[in-house]
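This report concerns only the one structure given below.
The values are calculated or read from the model by the stated rules, or taken from the named source; none is laboratory data. Since the structure is predicted, the reported quantities are computational estimates derived from the model, not experimental observations. For neighbour counting, all protein chains shown are included, and Cβ atoms are generated from backbone atoms with ideal geometry for every residue, glycine included. The area values use the complete protein model at the heavy-atom level, side chains included, leaving out ligands, DNA and RNA. Shrake-Rupley method; radii C 1.70, N 1.55, O 1.52, S 1.80 Å.
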Amino acid sequence: PYKKVQNFYGVFYNQSQSVLEYVDVHYAGLINNTNRYKPKYAYMPSSAITVFQYAPKLHNITVEHSIGNGLNYSNIEAPALITNSVFRYNRGHGIAAKTRFGNVSIHNTLSHDNLGDGLKYDFNNSAWSLHEQEE
């Protein structure tokens, strides 16, 4: 569920009303690949948490030992907020964010000892790729 919100400049946008808080995610990040045509592997690495379009507010989240990224924001269209969280020991990036509008706020959050970057931030002002639409 989302609601329409007006920002300081008078522009309206949709904002998620969902909240994910006080959650620990450990050893996550495998997706089932058996539905694809002739899969080479039954399971593929993925992010522990993947969010598209409208992000819930994340508060007191711990993501550890993921086989991919700890958190993946893909084409976020509204403000996203992460507070008081920890992303560590993941085999990808701690937090990977791709957005067309910016507005990803991270407060009091640790992201360390990941095999990738602590935060990988891409500002993408283009249309969604076909692969992202399928996901």
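Only residues that are at pLDDT below 90, touching a strand residue (DSSP E or B) at 6+ places or on another chain (Cβ under 8 Å) and part of a loop (DSSP other than H, G, I, E, B) were counted in the range 95-135, giving 7.
Any idea which residue in the range 49-64 is farthest from GLY102 (Cα to Cα), counting only those that are modelled with pLDDT under 95 and open to solvent by 30 Å² or more (accessible area, probe 1.4 Å)? Applying the filter and picking the extreme gives THR50. Every residue in the range 11-27 that is modelled with pLDDT of 75 or more and farther than 19 Å from ILE82 by Cα, please. The one that is modelled with pLDDT of 75 or more and farther than 19 Å from ILE82 by Cα: TYR27. Out of contact with any helix residue (DSSP H, G or I) (no Cβ under 8 Å at 6 or more places or on another chain), surrounded by 18 or more Cβ atoms within 10 Å (Cβ to Cβ) and at pLDDT 95 or above: does that describe ILE67? When the stated conditions are applied, ILE67 does not pass them. Before we move on, is TYR43 surrounded by 13 or more Cβ atoms within 10 Å (Cβ to Cβ), modelled with pLDDT of 70 or more and more than 24 Å from THR99 (Cα to Cα)? In short, yes.
Which of the residues that make up the range 70-94 are part of a loop (DSSP other than H, G, I, E, B) and either modelled with pLDDT of 90 or more or in contact with a helix residue (DSSP H, G or I) (Cβ under 8 Å, 6 or more places away or on another chain) (or both)? Within the range 70-94, GLY70, ASN84, SER85, TYR89, ASN90, ARG91, GLY92, HIS93, GLY94 qualify. Taken together, the residues in the range 65-108 that are aliphatic (A, V, I, L, M) and free of Cβ contacts under 8 Å to residues at least 24 places away in the same chain amount to 0.
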